[in-house]
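**Q** Take a look at this one; I'll ask things after.
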Amino acid sequence: LPVRTCSSLIDRAAGSIVRPWRDRRLAHRHHSNMLHRFHCPLPLSVGSVSTLPEKVAHHVWRVLRMQTGDRLVLFDGLGGEYHARIEAVGSEVRVRIEAFDAVEREAPVAIVLAQGLAASERMDFVMQKAAEVGIARIIPVQTARSIVHLDADRARRRLAHWQGIAVAASEQCGRNRL
C-alpha cells in the first residue's frame, strides 16, 4: 500500500486537492489571526479614513496582496496602535481606523546608546537590534579611531537609512514608539 499523509486523505475525502497555504497569493489568508503592522506617520484618529503612504500602500497591495476588508494595525510612532480595515485597494490604499489600543511596550527606563560608527552592514545590524530591544535613543558617534568618516551629505543619507531600519524593526517587534 502506498503511504498517504493525513492531509492528502482529508483533502481527497473532501473532494479537493487544493491547499491554499501553498499558493503564494493566498499565503496571508492562511494566518488570518496575525495582523500585519505598519508605521504610518500621518495623523490617525478613530473613525477616520486615511490614505496610506506610498511605500506602505505598495507593501499592503503588491507584496502582501491584501484585499478590501482585510484588517491591519497602524502606529504613528507616538504610542499606542490603531486597528484598521482596508476600504479600497488600487493605486491608493484607503483604510478606516476602527479602534485605538493604548498599549505600551516600552521599557520602564529610557536607555540611550552612544554607538561608534561602524562599517555599513554592522551599523545597520546595530540599529536594527537596538530598536528591537527597546533602546529609546541611538546616538551615532564619530570617534578618533573610527574607520568610517561621513561628510555632511553622506551623514544625512545614512541617518535617513538608519531611521528606516529602526521603523522596520519596530514594525516587526511590536514597538509603538520611535
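Since every read-out is calculated from the coordinates, none of them should be taken as a lab result. All figures in this text were calculated on a predicted structure; none of them were measured in a lab. Every residue, glycine among them, receives a Cβ derived from its backbone with ideal geometry; neighbour counts consider all protein chains shown.
**Q** Take the Cα of residue 160, step 7 Å along the line toward its Cβ, and report every residue of region 109-153 whose backbone nitrogen sits under 16 Å from that point.
**A** Inside the label zone: 151-153.
**Q** Would you mind calculating the gained length between residue 144 and residue 48 on full extension (0.36 nm times residue separation, minus the Cα-Cα distance), in nm to one decimal?
**A** 29.5 nm
**Q** Turning to a different aspect of this structure: If we sort 127-133, 117-123 on the protection proxy, mean other Cβ atoms within 10 Å, highest first, what's the order?
**A** 127-133, 117-123
**Q** Related question: What per residue convex hull volume, in Å³, comes out for region 35-176 when only alpha-carbon positions are used?
**A** In region 35-176, the Cα hull volume divided by residue count equals 116 Å³.
**Q** On a full-extension model of 0.36 nm per residue, what is the gain between residue 58 and residue 172, subtracting their alpha-carbon distance, rounded to one decimal in nm?
**A** 39.3 nm
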